[in-house]
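Have a look at the structure below, then the notes.
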Amino acid sequence: MVRKLLMCPPYYYNVGYYLQNVHMNMSREVLHNKAQRQWINLYNLLSYELGAKVVLSPPSIGMMDMVFAANAALVKDNRAVISNFSAESRKGETLAYKSVLEDLRKHISLYDYSFEGQGDALFSHDKNILWMGYGFRSTQTSHSDVGNFLNVDPKKVISMLLLDPNFYHLDTCFCPLDNGHVMFYPSAFTSYGVDQIYKHFGKKNCILVDKEDASNFACNAISLNENVVLNKASDKLRCELENFGYRVYENDMSEFLLSGGSTKCSILHLN
C-alpha cells in the first residue's frame, strides 16, 4: 500500500510566540534558509526515496506553525476530526486544514473542546487501538467523541495523561511503529500509561527511549513500513531499531526543534 501524507511548506514558519511551549524560548533566531532546506530534504526523502505520496497544503499567511501538519487533524478512512487549537495563534489553521481535507473528500467533524489531531492521537499499526494524550494541549473530554466519530470501539480508546511539559504532545514521546513495535519515553507518562503500553504491545515489542534520545525528539519519528525517519538517534537506539528490522534515516530538524517539533510533527498520515 502506498502511504499518503499531508505536508505544508514552511514559507511562514518562525518562532514568533514566546513559550507557547517550553521549547519556544527564543534562544536564537530561526535560520530560515536552513529550515527550508531541512524541510525539502524531508519531503524528498519521504517522496522519492521511501515512496510515499505527499499531498501539499498551501500555507496560510501569518500561520507560523502550519508547517506542523500532524496537528491538523486525526484521519481514519474517509473521516477526519479537525483540530481545535488551544493556542490562539494557531486557531486560523483550523479552517485552512478543513478546506484541504474537504478537497480530499474527507467527511469532517469539529468539536468545541481542545483537540490537536495526530499530535495527541495515534493509532496502533493495525488501526485497532487509538492512543490519546491529554494534559497540555488536548482535553480528555475530546477522546470519546473523537473515537465515536471515527468508529473506534470505546474499549479500544486509551487515554494517557502526559506529565512533562517538554513532551507536551503524545507524538513527542510515543511512536507506534508499523511492524507492531513502539518507541516511547517512560518518564513522560504515569505508571498507568506505561502499564497500558506494555499490556497492548507486550514488553518484548517496546523500545524504551532514554532522556538523551527523547530530548532529540527521537520519538517524534515517522514510521513507514520498515523505515523510521527521525531527527537524530543514538547508536544504542539505532541498534535497537535495526535489531527489530527497521531502517533508520536521520533528517536534521534543528530549526524546527526551536518550536518543539520534528519529523513526525511535519506530516499528517492520510491512510
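Residues that are open to solvent by less than 50 Å² (accessible area, probe 1.4 Å) and in a loop (DSSP other than H, G, I, E, B) were ranked within region 53-63; the one that is nearest to residue 103 (Cα to Cα) is 57.
If you filter region 178-196 down to residues that are β-branched (Val, Ile, Thr) and more than 20 Å from residue 230 (Cα to Cα), you find that the one that is most open to solvent (accessible area, probe 1.4 Å) is 190. Summed over region 159-169, the residues that are open to solvent by less than 50 Å² (accessible area, probe 1.4 Å) and more than 16 Å from residue 22 (Cβ to Cβ) give a count of 2. Filtering region 112-125 to residues that are surrounded by 18 or more Cβ atoms within 10 Å (Cβ to Cβ) and touching a Ser or Thr at 6+ places or on another chain (Cβ under 6 Å) leaves 114, 115, 116, 117, 120. Does region 16-26 contain at least one residue that is at pLDDT 85 or above and of a type outside the set (Phe, Trp, Tyr)? The answer is no; no qualifying residue exists. No other residue among 175, 219, 265 is part of a strand (DSSP E or B), of a type outside the set (A, V, I, L, M) and open to solvent by less than 10 Å² (accessible area, probe 1.4 Å) apart from 175.
Report whether or not residue 194 is touching a Cys at 6+ places or on another chain (Cβ under 8 Å) and within 29 Å of residue 24 (Cα to Cα). Taking the combined requirement at face value, the residue does not satisfy it. Checked against (1) within 25 Å of residue 79 (Cβ to Cβ); (2) in contact with a helix residue (DSSP H, G or I) (Cβ under 7 Å, 6 or more places away or on another chain), residue 123 meets all criteria but (2). Going by what's in this entry, would residue 228 be described as among the aliphatic types (A, V, I, L, M) and open to solvent by 10 Å² or more (accessible area, probe 1.4 Å)? Taking the combined requirement at face value, the residue does not satisfy it. The set of residues from region 224-239 being of a type in the set (D, E, K, R) and closer than 13 Å to residue 177 by Cα comprises just one member, 226.
Yes/no per residue for (1) assigned to a loop (DSSP other than H, G, I, E, B); (2) touching a residue at least 12 places away in the same chain (Cβ under 8 Å); (3) surrounded by 22 or more Cβ atoms within 10 Å (Cβ to Cβ):
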residue: 238; (1), (2), (3): no, no, no
residue: 242; (1), (2), (3): no, no, no
residue: 248; (1), (2), (3): no, yes, no
residue: 255; (1), (2), (3): no, yes, yes
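The set of residues in region 10-52 being surrounded by 14 or more Cβ atoms within 10 Å (Cβ to Cβ), polar (S, T, N, Q) and part of a loop (DSSP other than H, G, I, E, B) consists of 14, 20, 21. Restricting attention to region 64-83, the residues being within 11 Å of residue 8 (Cβ to Cβ) and either among the basic types (Lys, Arg) or part of a loop (DSSP other than H, G, I, E, B) (or both) number 4. Residues of region 139-158 that are part of a helix (DSSP H, G or I), closer than 12 Å to residue 111 by Cα and open to solvent by 50 Å² or more (accessible area, probe 1.4 Å): 144, 145.
You will find that of 86, 99, 109, the residue that is within 22 Å of residue 15 (Cα to Cα) and either open to solvent by less than 60 Å² (accessible area, probe 1.4 Å) or assigned to a loop (DSSP other than H, G, I, E, B) (or both) is 86 and no other.
The values are calculated or read from the model by the stated rules, or taken from the named source; none is laboratory data. Since the structure is predicted, the reported quantities are computational estimates derived from the model, not experimental observations. Cβ sites come from the backbone with ideal geometry, for glycine too, and all protein chains shown count toward neighbours. When the accessible area is computed, the model is the full protein with side chains, heavy atoms only, and any ligands, DNA or RNA have been set aside. Shrake-Rupley method; radii C 1.70, N 1.55, O 1.52, S 1.80 Å.
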